[in-house]
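Read-outs throughout are calculated quantities, based only on the coordinates presented, and are distinct from any laboratory measurement. Owing to the predicted nature of the structure, the values given are computational and were not obtained by experimental measurement. Note that each Cβ is placed from the backbone with ideal geometry, even for glycine, and that neighbours are counted across all protein chains shown.
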Amino acid sequence: MKFSNIIKYMGVAGISAMMFTSCSDFLDEKPTGSISEEQIFSDPEYAESNLLSCYRQWRECFKDRYLWEVMVGTDEIQSGALQALKEDGGRRGSLDRYDAMLTSELSYIKDTWDCRYLKVGESAKLINALKSKKDEDELSGKIYGEANFIRAGLCMELTQIFGRIPIIDMERQEELTYARQPLNVVWGFIIDDLKEAVRYCPESNDPQRATVYAANMLLGYAYMAAPEETGLRDFEEAAKCFKAIIDSQKFRLVEYYDLFDYNVKNSAEAIFEWQFNTTWPDNNCIQFQIGSRAAANMGQDGCFFAGYDHAVPSAWAYSDVEDGGIWEDGDIRRDESLRYDFEWFGQVPDLSSLAWEGLGDDHDELLPHIKKYEDFRTDIHSGMGVNNMWNSGKNIPWLRYANVLLLYAECLNETGHTSEAVDYVNEVRKRAWENNIPADKQWNKGMSKDQFFEALMTERVRELFGERWRRFDLVRTGKFLEYVKARNKWANRYGTIQEFNKYWPIPQSEIDQNDDILGTDQNEGYR
C-alpha cells in the first residue's frame with residue numbers, strides 16, 4: 001500500500017480499539033456517506049477515544065527495543081559487546097560503528113520510523129477535524145491542543161533522527177504531497193503546532209496527557225534544536241517558554257532518589273510522565289533489553305537487574321572524573337543512575353557461562369549498567385509474584401523540571417547571561433549533593449560562555465543519564481561527530497563515523513512504498 005493510502009486510512013484502528021465490536025466493524029470501512037471520517041474524528045466522544053489511543057501508541061516509543069534504538073550510538077550509551085560485534089551478522093553493531101552496514105534496510109531504522117509515523121497520521125486527522133471547532137467548546141479545543149502536542153513531539157524526534165521528513169497536514173496534503181520537506185519547513189511546522197498546543201492545552205490534565213507546561217517545554221526545545229540554517233533557532237524565545245514554566249511555581253525538584261522509585265509516581269518534578277505497571281500490555285520491558293546477561297545466567301528472569309545488554313553506558317559515562325569520566329565525589333546521581341555491584345542475595349555472577357560468546361577482553365556484562373529502569377517488583381525475592389524482569393514497568397518522567405532548569409540555563413548562556421545561568425545549574429547540582437553541596441562543587445560565576453557550554457553538556461548527562469535525551473542534544477549542538485567518535489567504544493575503534501551519520505538513512509521500505517520519495521532523495525552518505 002502506498003504511503004498516501006496508509007495515511008488516508010490510519011487512525012481508524014485507534015478508535016476501534018476503544019469501542020465495541022459493531023462500531024469497530026463500521027469504522028474499519030471507508031465512509032459510505034451517512035457519516036464522514038471528519039465527522040467521526042470531530043465527535044467529542046470518538047475524538048477523545050482516539051486521542052487516548054494516540055498517547056498509548058506514542059508510549060510504545062518508550063518501551064522495549066524502541067527505547068534503546070535511539071539511545072545507543074552516542075557518547076553516553078553504546079551497544080553491548082555481543083550485540084555490537086556479533087548479532088545479526090554484525091549489522092546490529094552498525095548503530096554504533098556507523099559503517100557501511102548502517103543501511104536503509106536495517107530493521108532498527110524501519111522500527112524507529114514506523115513507530116512514530118502512524119501516530120503522526122492519527123493526530124493529523126484529529127487536528128484537521130477539530131480545527132474549525134477549537135474555539136466553539138472547551139473539550140474540542142483541549143483535544144485539538146493535545147493532538148498538536150503529539151504530532152509536534154513525534155515530528156521533532158523524526159526530524160532529529162532522519163533530517164528532512166514528510167509533513168502530514170490533511171488541509172494541505174495535495175500541496176505538500178508526501179515528499180520530504182526542507183528543514184525550515186519541517187521545523188516551522190513543528191513550532192506552529194507547539195504554539196497551538198501552548199494555546200489550547202489545559203493547565204492541568206490527567207497523567208500521561210499534555211498540559212500548557214509540557215507544550216511550553218517542547219516549544220522551548222524546538223527553538224533550541226531547529227538547525228541554524230533554518231533561521232528558526234531562537235534562544236530568547238526558548239528562554240521565554242522555560243521561564244513561563246519556572247514562574248508558574250507548579251513544579252519543583254524532588255529528592256533524586258524518588259525520580260525512578262516505583263512507589264513515587266507523578267511527582268512534583270514531573271511535567272509529563274509516561275505511565276507503566278508490571279502487567280502486560282502496560283509494562284515497558286526495558287530491563288529485559290538493557291540488564292546484565294551475566295545476571296540473567298545467574299538468576300534467570302527472576303533477577304530484577306538481569307537482561308541482555310542491548311544498551312550499556314560508555315566508559316566515559318560510568319567513570320569518575322579522575323579516571324577520565326564524568327562523576328564527581330559525592331554526587332548521588334552516580335549510584336542512582338548506574339549499577340556497579342552485581343551481587344544478588346549472596347550470589348555473585350561471573351563470566352564463565354558466557355565463554356561461548358568469544359568476546360575476549362570486550363566482555364562487558366559485568367561492567368556498569370543502566371540502573372534507572374530496574375524494577376525490584378519483578379524479582380523473585382520481592383514477594384509480589386511477578387518473578388520476571390520482562391515485566392519491568394516503572395513510570396518514565398520524560399519531561400521534568402530539572403531539565404527545564406538546565407535548558408533555561410543554556411539559553412541564558414547563549415544570550416549573554418552566563419553568570420545568571422550558573423545559578424540555575426547550581427540549583428540542580430545542589431540536589432545532587434543532597435542540598436549540602438561543597439563549595440568546590442558549585443560552578444563559578446566567572447565561567448566564560450564556552451566553558452559553561454562544555455560543562456553543561458556533561459552536566460546534562462549526569463542529570464539525565466539514560467533518559468533518551470543525548471542523541472538529540474548532540475545533534476542540535478553540533479557535537480555529534482566530535483563526542484561520539486571520541487567516547488563511544490565502537491565508533492572510536494572502527495573510526496568510520498562521519499558527520500552525515502548524525503542522521504539515519506530513510507528506511508528502504510518507505511522509499512519503496514512512497515511515490516514522492518525517490519532513491520535519489522536518500523540522506524547524504526547512504527545513497
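Each of 191, 143 was scored by other Cβ atoms within 10 Å of its Cβ. Listed from fewest to most, they are 191, 143. Where in the range 442-464 is the amide nitrogen less than 17 Å from a point lying 7 Å along the Cα-to-Cβ axis of residue 482? Residues passing the 17 Å test: 448-461.
The order of 176, 82, going from fewest to most other C-beta atoms within 10 Å of their C-beta, is 176, 82. Rounded to the nearest 10 degrees, the angle from helix 235-248 to the longest Cα principal axis of the chain is 90 degrees. About its Cα centre, the chain has a charge dipole of approximately 240 debye under the convention of +1 per Lys or Arg Cβ and -1 per Asp or Glu Cβ, with nothing else charged. Note that the chain, at 10 °C in a medium of 1.306 mPa s, gets a Stokes-Einstein diffusion coefficient of 66 µm²/s from its Kirkwood radius over C-alpha pairs. Amide H contacts under 5 Å for residue 77: 314, restricted to partners 5 or more places along the chain or on a different chain, H placed in the peptide plane at 1.01 Å from N. Working value for the range 121-240: equivalent-ellipsoid semi-axes of 22, 19, 11 Å, each the square root of 5 times a Cα gyration tensor eigenvalue, largest first.
Helical content of the chain, expressed as a calculated mean residue ellipticity at 222 nm, amounts to -14000 deg cm²/dmol (DSSP H runs of 4 or more residues, -39,500 (n - 2.57) each, divided by residue number, nearest 500). This ranking places 119, 240 by how few other beta-carbon atoms lie within 10 Å of each, fewest first, which gives 240, 119. Taking one quarter of the surface of the C-alpha convex hull of the range 370-527 gives a mean projected area of 14.9 nm².
Bridging of residue 63 to lysines at a Cα separation below 17 Å is possible for 110, 119, 371, 372, 394, once same-chain residues fewer than 8 apart are set aside.
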